[in-house]
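Worksheet for the structure shown next.
The values are calculated or read from the model by the stated rules, or taken from the named source; none is laboratory data. Values in this document were obtained by computation on a predicted structure and should not be read as measured data. Every residue, glycine as well, gets a Cβ built from its backbone with ideal geometry; the counts of neighbours run over all protein chains shown. These area figures cover heavy atoms from the full protein model, side chains too; ligands, DNA and RNA do not enter into them. Shrake-Rupley method; radii C 1.70, N 1.55, O 1.52, S 1.80 Å.
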Amino acid sequence: MWGKAFPIGRVAGYEIRLDPSWFLIAGLFVWTLARAYFPQALPQAGTGTLVLLAIVTMLGFFGSLTLHELAHAVVARAYGMRVRAITLFLFGGVAELESEAPDPGAEYRVALAGPVASFALAIGFWVLSVALTPWPVIAVPLGYLSFANGVLAIFNLIPAFPLDGGRVLRAVLWKRSGSFAEATGTASRISALFAYGLIGLGLWTMFAVGPAAGLWPILLGLFLLAAATGARVQVETQAALSTLHVGDLMRRDPVIVHPDMTLDDVANDAMLRHAVSFVPVVENGLLLGYLDLRAMQQIERENWGATRVDDIFAALDDDAVVGPNAEAQTLWERMQRLGRHKFLVVEGRRLLGVVTLSDIMARLRLARAIPIPHDRPG
């Protein structure tokens with residue numbers, strides 16, 4: 001997203017998170033409603049009432065957005081798909097899926113669940129606003145929420161990633177071609193066209209109307225373009241790593257250091273000589289832990305000659321080790337989740353090798369140079 005999202009609670013078993021960028025859009029939402037929309041719709045209301053209504057309406061809209069994403073998550077769970085969390089951010093919300101749909105039908109239904117929920121909310125808010133017409137201070141916000149949910153549903157049906165319409169398009173293409181990778185590639189290219197169209201619209205608006213008016217379409221277009229590219233790269237990555245295990249990627253016989261070595265020795269004899277910044281610490285054939293350049297940099301350079309590896313190395317922990325038979329795709333996801341780029345490959349306490357993000361990226365570059373054919377049915 002745009003920063004480190006933080007949890008605010010759980011709904012139906014799913015963690016709800018807020019990205020820091022959410023506060024920007026929430027503030028703009030409240031400011032627009034309190035300064036422009038509600039003063040026209042409720043001319044008799046005082047400033048305090050307008051601000052309160054704006055805050056309540058903003059919370060109602062983001063509550064509706066959460067229900068939109070919950071609809072995705074609940075249907076995904078019914079098909080055995082794992083959902084990490086629901087995150088609200090600058091451009092709305094997203095149900096963070098940990099696994100892809102098992103078939104085109106599941107992809108189609110999961111994608112449509114959100115817009116269906118938003119349309120249902122739009123109808124529900126409209127019915128309530130009509131029923132409460134004699135009390136405009138309640139009916140007007142409800143009417144706005146009805147309109148906003150309707151727009152949300154329609155906008156999400158645009159065939160562009162990561163919008164629901166983009167996933168519906170991919171499901172249709174997947175059903176037709178039989179290849180998830182091919183469908184993702186085609187849908188991503190179509191999504192990119194929509195993104196460029198939004199960017200072009202924003203640029204035209206900036207010159208025709210003003211810079212502020214065109215900024216939002218440009219930002220949204222850039223977001224869609226990045227999401228489309230990300231979806232394609234993710235599928236290419238899965239295809240390249242799907243048949244590999246950690247043992248296929250690891251560097252065997254890595255450079256190791258002894259706990260009695262000084263940091264000067266490590267820097268000169270290990271890191272500089274072999275161009276590595278991460279070394280396992282081994283004594284009598286037993287793996288003790290690891291040392292990286294970041295930990296060494298916490299010590300003043302003039303003290304490296306008097307500081308031993310044993311003084312600062314990191315002991316073994318589950319986050320730093322991986323087995324040789326672990327799937328490469330699982331390790332890739334683990335790297336993204338933990339933000340850790342280097343792992344010790346172990347069997348018991350025996351060091352077999354080291355695997356890093358660079359090793360995986362090298363394999364991915366090779367896979368792009370030698371493309372894997374798309375699978376087709378029959």
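Of all stretches in the chain that contain no trypsin sites (Lys or Arg not before Pro) in a DSSP loop with at most 13 other Cβ atoms within 10 Å, the longest one is 83-339.
Using a 10 angstrom cutoff on alpha carbons, build the Gaussian network for the chain and name the most mobile of 146, 179, 99. Residue with maximal mean-square fluctuation among 146, 179, 99: 99. For region 282-356, the gyration tensor built on C-alpha atoms gives an oblate shape. Its axis ratio a/c (a ≥ b ≥ c) is at least 1.5, and a/b is not larger than b/c.
Which residue fluctuates the most in the chain, going by a Gaussian network model with Cα springs under 10 Å, if the choices are 235, 140, 282? Comparing 235, 140, 282 in the GNM, the peak value goes to 282. For residue 353, the residues 5 or more places off, or on other chains, whose built amide H falls under 5 Å of its own are 345. Backbone geometry of region 330-336 corresponds, through the Karplus equation with coefficients 6.51, -1.76 and 1.60 at θ = phi - 60°, to 3J(HN,Hα) couplings of 5, 5, 4, 5, 5, 4, 5 Hz, x marking Gly and Pro.
Rounded to the nearest 20 Debye, what is the dipole magnitude of region 154-308 about its Cα centre when Lys and Arg each give +1 and Asp and Glu each give -1 at the C-beta?
Values: 12 positive and 13 negative charges, 214 e Å.
That gives region 154-308 a dipole magnitude of about 1020 debye.
In the chain, helices alone account for a calculated mean residue ellipticity at 222 nm of -18000 deg cm²/dmol, with every DSSP H run of four or more residues adding -39,500 (n - 2.57).
Since only 201, 277, 228 are under comparison, the one whose Cα sits farthest along the positive direction of the charge dipole of region 192-311, derived from C-beta charges on Lys, Arg, Asp and Glu, is 201. In the chain, with Lys and Arg counted as +1 and Asp and Glu as -1 at Cβ, which of these residues, 110, 256, 181, has the Cα nearest the positive end of the dipole, that is, farthest along it? Toward the positive end, the furthest listed residue is 110.
Placing +1 on each Lys and Arg Cβ and -1 on each Asp and Glu Cβ, with no other charges, gives region 80-140 a dipole about its Cα centre of roughly 220 debye. Remark: region 185-195, residue by residue, has Karplus-estimated 3J(HN,Hα) of x, 5, 5, 5, 5, 5, 4, 4, 4, 4, 4 Hz, where x stands for each Gly or Pro and the curve is 6.51 cos²θ - 1.76 cosθ + 1.60 at θ = phi - 60°. In the chain, excluding the sites themselves, the longest stretch lacking any of the GluC sites (Glu not before Pro) that are in a DSSP loop with at most 12 other Cβ atoms within 10 Å is 99-299.
What's the magnitude of the charge dipole for the chain around its Cα centre, counting Lys and Arg as +1 and Asp and Glu as -1 at the beta-carbon? Answer in Debye, nearest 20.
Details: 30 positive and 31 negative charges, 273 e Å.
Approximately 1320 debye in magnitude.
Residues in region 303-318 carry Karplus couplings, in order, of 9, 5, x, 9, 10, 9, 4, 4, 7, 10, 5, 8, 5, 4, 8, 4 Hz; the curve used is 6.51 cos²θ - 1.76 cosθ + 1.60 with θ = phi - 60°, and Gly or Pro positions show x. Taking amide H positions as modeled 1.01 Å from N, with prolines and chain starts lacking one, the residues under 5 Å from residue 157 and 5 or more places away or on another chain are 165. To the nearest ten degrees, helix 104-131 and the longest principal axis of the Cα atoms of the chain are 40 degrees apart. Per residue, the chain exposes 52 Å² of accessible surface when a 1.4 Å probe is rolled over the protein heavy atoms with every protein chain present. Placing unit charges on each Cβ (+1 for Lys and Arg, -1 for Asp and Glu) gives the chain a dipole about its Cα centre, and among 237, 157, 51 the Cα reaching farthest toward its positive end belongs to 157. The C-alpha radius of gyration of region 227-286, expressed as a fraction of 2.2 N^0.38 Å, stands at 1.71.
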